[in-house]
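Each remark here refers to the structure printed beneath this line.
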Amino acid sequence: MVLPQPSKLMSWVRFPSAAHFYFIMKVFIKYNIIGAFLLILLISNSCFKSKEEIEKDKIEAASFIKEANKLFFENKYQKALNLYLKAINIYDFKKGEIYYKIGFSYDKGNNNLEKAEKYYKKALKLFKNSSSPSNIKYIAAIYFNLGIIAAKRNKIEEKKNYLYHSFQLLKKILKSGNASGLDIFRIAYYYMDIGDNEKAIKYFLKAASLLKKENPFHFYYSGAYFNIGIIYWKKEDINTALYYWKKALNISPDNKLYNEWYNKALLIKNSTS
């Protein structure tokens, strides 16, 4: 059966996509029920909206995105998340950058790994086949963060695969001379993960120096010093570990994880001195 074209059905009903329209029409024809038509009205985001109304939604959503980006930069991930979700509910720009930041906010803001993974993968689809330098940075970041999530779930092979893919892209970024503090941090983490501690420390220090200038609020600025502390802790060099954990705490004094490790090491040091 040949389905009628959307423009020939009812000009006052608008559909997000042709695929959307055809799906609804198939339901309507198969079951021949009025409910299918009502479903058209319920799930079509743009039903009964004029171009002016859609443009108004777009402007309102953009204002929420702008404010969310400011909060994201300031490390206020939960507040940023609320605004990002509010924005895409009004008007979905279908931009990988927005979905990446939603994923990151779920990841670091409230440790919701399931939703973080969901939005990271949505972002990855939107960035698919992109060759622009800025988008490659996001793709590398997504692979990296998916690797960290896999590590938290103790999925070792999955973690290695994601981190390796991230590292391959990061090497290209580094070679181009456009690596940011975040890129350098992820390179350092990869070296730490494979046991090359000398390179890991070198790149963590470089990452911290860059992030201090680029975004001193960022989660990974203090994280660079914390990870150096972890390396020295594993070497059983408690004094050096304490030194770097103290630097991390000076940046993020309320970080629960940093305080736990620092106090644990301090207790051991005091008990052996």
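Every number in this text was worked out from the coordinates using simple rules, so none of it is lab data. What you see is a predicted model; the values in this text were computed from it and never measured. So basically every Cβ, Gly included, is an ideal-geometry build from the backbone, and we count neighbours across all protein chains shown.
Its Cα centre serving as origin, the range 135-248 has a Cβ charge dipole (Lys and Arg +1, Asp and Glu -1) of approximately 200 debye.
Rounded to the nearest 20, the size of the Cβ-charge dipole of the range 231-273 about its Cα centre is 40 debye, with Lys and Arg at +1 and Asp and Glu at -1.
In terms of Cα atoms, the Rg and Dmax of the range 231-273 work out to 10.0, 28 Å. Here each label is just a point 7 Å from Cα along the line to Cβ, and for Glu236 and Ser176 those points are 4.5 nm apart. Taking label points 7 Å from Cα along the Cα-to-Cβ direction, Lys155 and Lys49 give a separation of 3.4 nm.
Computed extension gain for Lys56 through Lys118, at 0.36 nm per residue and net of the alpha carbon distance, reaches 19.5 nm.
The packing ranking, built from the mean of other Cβ atoms within 10 Å per residue, places the peptides 115-127, 167-179 in the order 115-127, 167-179, highest first.
Output the pairs from Lys171/Lys247; Lys199/Lys246; Lys79/Lys118; Lys175/Lys234; Lys76/Lys160 with a Cα-Cα distance over 25 Å in this structure; if there are none, say none. Violating the 25 Å Cα-Cα cut-off are Lys171/Lys247; Lys175/Lys234; Lys76/Lys160. Label positions at Leu266 and Glu198, each projected 7 Å from the Cα along the C-beta direction, are separated by 3.4 nm. For the range 181-242, the set of GluC sites (Glu not before Pro) satisfying both a DSSP loop assignment and a count of at most 14 other C-beta atoms within 10 Å is given as Glu236.
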